[in-house]
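For reference, the structure is listed below as structure tokens.
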Amino acid sequence: MAKEYAKDFYNSPAWKKTRKAYYIFRRGQCERCAREFEAGRRRLEDINAGVIVHHKEYITPDNLHDPSVALCFDNLELLCEEHHNKEHKSKAKRYSFDKHGRVIEV
Ligand SMILES: [Zn+2]
Ligand SMILES: [Zn+2]
């Protein structure tokens, strides 16, 4: 789910254009599935279609309006749902915030 502060960004024509261009650039294929295939850990027929254009450096209220983060191909990754879930779950599990807002390892 998109964060509330990022809603306008995800609805913006600039993002929609970038997302579409990136999808075509990656031929609609999940990049991590493709990498696993190249490494011999996934069969060709098991490569999933990319459905989500993910930001490697996560979008925050601070970098939302910085095109070099929000709209730059270098910061994007086309992922299938499986790999996108893995990405966010693994990050969320490792770190959290305590009641003072400090980052803690979980
Ligand atoms: Zn994948
Ligand atoms: Zn993501």
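The values are calculated or read from the model by the stated rules, or taken from the named source; none is laboratory data. Bear in mind that the values here come from a model prediction, so they are computed numbers and not experimental data. When we count neighbours, we look across all protein chains shown, and the Cβ atoms used for this are built from the backbone with ideal geometry, even at glycine. Only protein heavy atoms, including side chains, enter the accessible area calculation; ligands, DNA and RNA are left aside. Shrake-Rupley method; radii C 1.70, N 1.55, O 1.52, S 1.80 Å.
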query = Which of the residues belonging to the range 53-80 are surrounded by 16 or more Cβ atoms within 10 Å (Cβ to Cβ) and either within 13 Å of ligand 1 (Cβ to nearest atom) or free of Cβ contacts under 8 Å to residues at least 40 places away in the same chain (or both)?
reply = Val53, His54, His55, Val69, Asn75, Glu77, Leu78, Leu79, Cys80
remark   = Filter the range 11-45 for residues that are outside any helix (DSSP H, G or I) and touching a residue at least 24 places away in the same chain (Cβ under 8 Å); the one that is surrounded by the fewest Cβ atoms within 10 Å (Cβ to Cβ) is Gly28
key: Residue in the range 1-10 that is farthest from Lys86 (Cα to Cα), counting only those that are open to solvent by less than 100 Å² (accessible area, probe 1.4 Å) and of a type outside the set (Phe, Trp, Tyr)   = Ala6
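Determine whether the range 17-37 contains at least one residue that is polar (S, T, N, Q), modelled with pLDDT of 95 or more and within 16 Å of ligand 2 (Cβ to nearest atom). Outline the logic, then answer.
Step one: list which residues in the range 17-37 are polar (S, T, N, Q), which gives 18, 29.
This time we only want the ones that are modelled with pLDDT of 95 or more, so: 18, 29.
Applying the additional criterion that residues be within 16 Å of ligand 2 (Cβ to nearest atom) yields 18.
Yes, the range 17-37 has at least one match.
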request  = Residue by residue through the range 55-106, note down the ones that are of a type in the set (A, V, I, L, M, F, W, C), at pLDDT 75 or above and outside any helix (DSSP H, G or I).
outcome  = Ile59, Leu64, Leu71, Cys72, Leu76, Leu78, Leu79, Cys80
